[in-house]
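The values are calculated or read from the model by the stated rules, or taken from the named source; none is laboratory data. These numbers come from a predicted model, not from an experiment. All Cβ positions, even for glycine, are placed from backbone atoms using ideal geometry, and neighbour counts span all protein chains on display.
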Amino acid sequence: PTRPAYPHEVVRTRLREEGTKYRSFFQTLSLIVQEEGYGSLYRGLTTHLVRQIPNTAIMMATYELVVYLLNG
């Protein structure tokens, strides 16, 4: 689920950080692909997953423990 959604994160980050160059979602998406290629939409995905996977595992384990403790 992260891989298809990651270009959205890249565009959103660019819109937030770059003041004048990027004006809208689709304009930014198009400009990134034209200037840097499709691969740039997934740059940083590995780092994101390395950070996200342990976080998700800890959250799921904590949730399971809380449910177990509350149910007795």
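Some values worked out for this structure:
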read-out	value
Segment 6-28 residues that are closer than 18 Å to Gln52 by Cα, paired with ones that are surrounded by 12 or more Cβ atoms within 10 Å (Cβ to Cβ) (beta carbon under 6 Å, 6 or more apart)	Tyr6/Tyr42; Tyr6/Leu45; Pro7/Leu41; Val10/Leu41
Any chance Glu9 is more than 18 Å from the chain's Cα centre (by Cα) and either at pLDDT 90 or above or assigned to a helix (DSSP H, G or I) (or both)	no
Residue match in segment 57-68 (condition: part of a helix (DSSP H, G or I), of a type in the set (D, E, K, R) and out of contact with any Gly (no Cβ under 9 Å at 6 or more places or on another chain))	yes
Count of residues meeting criterion [of a type in the set (A, V, I, L, M) and surrounded by 10 or more Cβ atoms within 10 Å (Cβ to Cβ)] in segment 59-72	5
Some residue of segment 34-46 being outside any helix (DSSP H, G or I) and either among the aliphatic types (A, V, I, L, M) or on the phi < 0 side of the Ramachandran plot (or both)	yes
Which numbered condition Glu35 misses (of (1) modelled with pLDDT of 90 or more; (2) surrounded by 10 or more Cβ atoms within 10 Å (Cβ to Cβ))	(2)
Pair list, Cβ under 8 Å, 6 or more apart: segment 48-63 residue under 20 Å from Tyr6 (Cβ atoms), other residue surrounded by 10 or more Cβ atoms within 10 Å (Cβ to Cβ) and not charged (D, E, K, R)	His48/Thr2; His48/Tyr6; Leu49/Thr2; Gln52/Thr2
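Conditions tested, residue by residue: (1) under 17 Å from the mean Cα position of the chain (by Cα); (2) over 16 Å from Arg12 (Cβ atoms); (3) modelled with pLDDT under 90.
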position: Leu29; (1), (2), (3): yes, no, no
position: Gly39; (1), (2), (3): yes, yes, no
position: Thr46; (1), (2), (3): yes, yes, yes
position: Thr56; (1), (2), (3): yes, yes, no
position: Met59; (1), (2), (3): no, yes, no
position: Glu64; (1), (2), (3): no, yes, no
position: Val67; (1), (2), (3): no, yes, no
position: Leu70; (1), (2), (3): no, yes, no
